[in-house]
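Below is one structure, written out as structure tokens, with a few remarks after it.
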Amino acid sequence: MQGVARNFFTLAVVYALCGMALGLHMSISQDHSQMPVHAHTMVAGWLMSAVFAFFYHLFPVARDKTLAKVHFWLTAVSGIGLLVGLFFLLGGNAAIEPVVAMSSMGFYAAMLLFAFIALPTVWKS
Ligand code: HEM
Ligand code: HEM
């Protein structure tokens, strides 16, 4: 695994470790108020980043494009902004809401960019 594929795989494992640690904390403390952060860290973080990693591993043509690097950084920055922001928002810090809103839109834009990169690649292959 190389380049953007390896970056996504590393990001996926970091999300899994953080998300599961939060899940354990929720279970032990019996306080599930951070459940949306745990759920999104696991599925939108760990699972989606792993799918991106294996996609770019299977299609080196897509991996070597500059747009793939843009896709990685937009996904990473907006995803982390979304999850960290949501953690503080659910913790009672309402002022952080614009960060969560902007990050959500960035995360959606990253998915649109992935559609733009991935669909032509799979249809041409
Ligand atoms: C150390 C392992 C884990 C622990 C201790 C843990 C713990 C929890 C807890 C306490 C909840 C809240 C349940 C509720 O309030 O109804 C939850 C929800 C959730 N977890 Fe985990 N979890 C773990 C691993 C995972 C993994 C590996 C995934 C996915 C890959 C995952 C995905 C989810 C999702 C999607 C929800 C939300 C479910 C819903 O909408 O009701 N969790 N987890
Ligand atoms: C633009 C990014 C996203 C936004 C703004 C968003 C927003 C939301 C909202 C508002 C809920 C309801 C939470 C609640 O009722 O407490 C939710 C639930 C959920 N979303 Fe997302 N979502 C996003 C991306 C995703 C992605 C990409 C996945 C999966 C790959 C996902 C999986 C889930 C799951 C499993 C739940 C149920 C667990 C929960 O209630 O927290 N979401 N999402």
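The values are calculated or read from the model by the stated rules, or taken from the named source; none is laboratory data. In this text, all values refer to a predicted model and were calculated from it rather than measured experimentally. All Cβ positions, even for glycine, are placed from backbone atoms using ideal geometry, and neighbour counts span all protein chains on display. Side chains are part of the model used for accessible areas, which takes the heavy atoms of the whole protein and leaves out ligands, DNA and RNA. Shrake-Rupley method; radii C 1.70, N 1.55, O 1.52, S 1.80 Å.
Data table
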{"read-out": "Solution diffusion estimate, µm²/s, Stokes-Einstein, the stretch 3-77, Kirkwood Rh from C-alpha pairs, 20 °C, viscosity 1.002 mPa s", "value": "166 µm²/s"}
{"read-out": "For the chain: accessible area per residue (Å², 1.4 Å)", "value": "59 Å²"}
{"read-out": "Note, ³J(HN,Hα) from phi for the stretch 54-67, Karplus 6.51, -1.76, 1.60, rounded to Hz, x at Gly and Pro", "value": "6, 4, 5, 5, 6, 10, x, 4, 6, 4, 7, 6, 4, 4"}
{"read-out": "In order through the stretch 30-44: 3J(HN,Hα) via Karplus (6.51 cos²θ - 1.76 cosθ + 1.60), integer Hz, x for Gly, Pro", "value": "6, 10, 9, 5, 9, 3, x, 5, 4, 4, 6, 5, 6, 8, 6"}
{"read-out": "Hypothetical label at ASP31: residues of the stretch 77-103 whose amide nitrogen lies under 11 Å (7 Å Cα-Cβ projection)", "value": "91-92"}
{"read-out": "Mean shadow area of the chain, taken as a quarter of the surface of its Cα convex hull (nm²)", "value": "7.5 nm²"}
{"read-out": "For the chain, built as a Gaussian network whose Cα springs stay under 10 Å, the top-fluctuating residue of LEU86, LEU24, LEU74", "value": "LEU24"}
{"read-out": "Top positive-direction residue, dipole computed over the chain with Cβ charges, set MET35, PHE87, SER125", "value": "SER125"}
{"read-out": "Accessible area of the chain belonging to carbon and sulfur atoms, whole % at 1.4 Å probe", "value": "76 percent"}
{"read-out": "CD proxy at 222 nm, helix term only [per DSSP H run n ≥ 4: -39500 (n - 2.57); per residue of the chain; nearest 500]", "value": "-27000 deg cm²/dmol"}
{"read-out": "Largest-first ordering by accessible area, 1.4 Å probe, given options THR121, THR10", "value": "THR10, THR121"}
{"read-out": "Accessible surface, 1.4 Å probe, highest first, among residues SER27, SER125, SER49", "value": "SER125, SER27, SER49"}
{"read-out": "Nearest-20 debye value, the chain charge dipole, Cβ charges on Lys, Arg, Asp, Glu", "value": "480 debye"}
{"read-out": "Selected from ILE28, ILE96, ILE80 as most flexible by GNM, with the chain as the system and alpha-carbon contacts under 10 Å", "value": "ILE28"}
